[in-house]
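Okay, so here's the structure we're looking at.
The values are calculated or read from the model by the stated rules, or taken from the named source; none is laboratory data. Note that the coordinates shown come from a computational prediction; the quantities given were computed from them, not determined experimentally. Because the Cβ atoms are built from the backbone with ideal geometry, glycine has one as well, and the counts that use them run over all protein chains shown. Accessible surface areas use protein heavy atoms only, side chains included; no ligands, DNA or RNA. Shrake-Rupley method; radii C 1.70, N 1.55, O 1.52, S 1.80 Å.
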There are 2 protein chains.
Amino acid sequence: MTAIKENSTYNANREIVLNECPVTYVMSKIGGHWKPIILYHLLSGSKRYSEIKKAMPHITEKMLIQHLKQLEADKLLIREAKPVVPPYVTYTLTESGKGLQTVISAMADWAFKDMGKVRI
Amino acid sequence: MTAIKENSTYNANREIVLNECPVTYVMSKIGGHWKPIILYHLLSGSKRYSEIKKAMPHITEKMLIQHLKQLEADKLLIREAKPVVPPYVTYTLTESGKGLQTVISAMADWAFKDMGKVRI
DNA sequence: ACAAGTACTTACCCCAAAGTATGTATGACA
DNA sequence: TGTCATACATACTTTGGGGTAAGTACTTGT
């Protein structure tokens, strides 16, 4: 999981900001190129790995797995694997993950307004 | 402003995601280590450069200026300079910038809940 | 003469996130 | 026997955000 150099200003500032700033806390959970999209696709219900993959043509498998693991570690989703071959793995949002819907909605509202795409 | 290599997957994906994902759009405007903090300080009213600087002891001047310029370019705040010496420059949120308050609130609500710090 | 305050600017470096490419285990099916 | 499908893993490279350090312009105070 990529060891962290403790004695760097970058990480010092990062920690300060994470502890002090709820916005940055949220960013650390759902930020990056792909995590919001993954969450979006799961908001409509559980999906298996291959379904998420098909829904996101541009993401590489490495990035997809990496972010799914991260989201699982952050307790935003749950991974369930059936012991069959070929593998059957589903991903489901936790309550915490579902709670992000209001956040995402607020962001979407502002975004569409800001992009001048709102018509009411 | 740091020339961009057009033919890279990194930027291709970035653009795709920016156009498709309102969450990423918002992130691009208020993401990073410092922008949310700057916005937070300006939500309570206009401030001059030196006031913001004092309110954020850990930020470097380069980062502060850089983000203020970016926020200005994104029309989230307005810079006003009085032609005096020593310089007197104030930064004020635009309506668009003020509109972020609801977004920030939604994020803060979720963050505090998720951090288990909520007591109601 | 020179230090101090304000609001910047610029050149350079580091590192973590993102991307590339390839490999793995297992069983079904042809 | 070997190819296909699923759900990963891993070594390596690239990219851009962030940090360091130093300098600039202009004027007021000592």
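Tabulated data for the structure shown
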item	result
Filter pass, A:Lys54 being open to solvent by 20 Å² or more (accessible area, probe 1.4 Å), of a type in the set (D, E, K, R) and over 14 Å from the mean Cα position of the chain (by Cα)	yes
Selection count where residues are more than 9 Å from DNA strand C (Cβ to nearest atom), hydroxyl-bearing (Ser, Thr, Tyr) and within 14 Å of another protein chain (Cβ to nearest Cβ), scope the range B:36-60	1
Some residue of the range B:85-93 being more than 11 Å from DNA strand D (Cβ to nearest atom), at the interface with another protein chain (Cβ under 10 Å from one of its Cβ atoms) and of a type outside the set (D, E, K, R)	no
Selected residue [out of contact with any strand residue (DSSP E or B) (no Cβ under 9 Å at 6 or more places or on another chain), open to solvent by 30 Å² or more (accessible area, probe 1.4 Å) and more than 22 Å from B:Pro36 (Cα to Cα)] from A:Lys113, A:Lys98	A:Lys98
Per-region count, the range B:61-84, residues open to solvent by less than 40 Å² (accessible area, probe 1.4 Å) and away from chain A (no Cβ under 12 Å)	5
Of the criteria (1) out of contact with any Ser or Thr (no Cβ under 6 Å at 6 or more places or on another chain); (2) more than 11 Å from every other protein chain (Cβ to nearest Cβ), which one A:Val23 fails	(2)
Helices (runs of 4 or more DSSP H) wholly inside the range B:26-115 containing at least 1 residues that are in contact with a Lys or Arg (Cβ under 9 Å, 6 or more places away or on another chain) and of a type in the set (Gly, Ala, Ser)	B:49-55, B:95-98, B:100-114
